[in-house]
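Just so you know, all these numbers are worked out from the coordinates, no wet-lab data involved. Given the structure is predicted, the values throughout are model-derived calculations rather than measurements. Note that we place each Cβ from the backbone using ideal geometry, even for glycine, and neighbour counts take in every protein chain shown.
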Amino acid sequence: MKADANRDGYVDRAEYQLSGDCQFSHLDPDHHGAVPISDLPRLARSSAPQAKRLKILLHSADRDHDTTVTRAEFVKARSPVWDRLDQDRNGRPSRKEVKGARSRLETPR
Ligand SMILES: [Ca+2]
Ligand SMILES: [Ca+2]
Ligand SMILES: [Ca+2]
């Protein structure tokens, strides 16, 4: 789990937000501060389930429907995901919880 920066087995909220920040920088290599959703085919070179997740995330992140996702929109959109990860509500999603959430997301409905 890359997001677990200090390797204590938990991804706390700060670590989660940091990982979101890194992810956004990866999506926005020119540092425009916004990612056009039309860029998705370029961004989605990675594995199919990942691309699908990213697509859902970007669409839900675009609150003002201008078809671009700003850094603020992106970080905000990821926050409820963190809440869902922490199944036992102890404030710390463990690697196991993250893994569980991931397989739930990737299971086709
Ligand atoms: Ca940690
Ligand atoms: Ca937007
Ligand atoms: Ca937990």
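Residues that are surrounded by 12 or more Cβ atoms within 10 Å (Cβ to Cβ), within 16 Å of ligand 1 (Cβ to nearest atom) and among the aliphatic types (A, V, I, L, M) within the range 13-70 comprise just one, Leu18.
Against the numbered list (1) touching a residue at least 12 places away in the same chain (Cβ under 8 Å); (2) on the phi < 0 side of the Ramachandran plot, Asp66 comes up short only at (1).
Within the range 35-61, the set of residues being in contact (Cβ under 8 Å) with a residue 24 or more places away in the chain and touching an Asp or Glu at 6+ places or on another chain (Cβ under 7 Å) comprises Val35, Ile37, Pro49. Inside the range 87-99, can you point out the residues that are of a type in the set (S, T, N, Q) and surrounded by fewer than 19 Cβ atoms within 10 Å (Cβ to Cβ)? Gln87, Asn90, listed by residue number.
Scanning the range 1-30 for residues that are more than 30 Å from Pro41 (Cα to Cα) and among the aromatic types (Phe, Trp, Tyr) yields a total of 1.
Search the range 11-63 for residues being among the acidic types (Asp, Glu) and within 19 Å of Glu97 (Cα to Cα), and hand back the single one that is nearest to the chain's Cα centre (by Cα).
In the first step, residues of the range 11-63 are kept if they are among the acidic types (Asp, Glu); the result is 12, 15, 21, 28, 30, 39, 62.
Within this subset, residues satisfying the condition of being within 19 Å of Glu97 (Cα to Cα) are 12, 15.
Values: Asp12: 14, Glu15: 12 Å.
So, considering only residues that are among the acidic types (Asp, Glu) and within 19 Å of Glu97 (Cα to Cα), the one nearest to the chain's Cα centre (by Cα) is Glu15.
The residue of the range 71-86 that is surrounded by the fewest Cβ atoms within 10 Å (Cβ to Cβ), among those that are away from ligand 3 (no atom under 16 Å from the Cβ) and basic (Lys, Arg), is Lys76.
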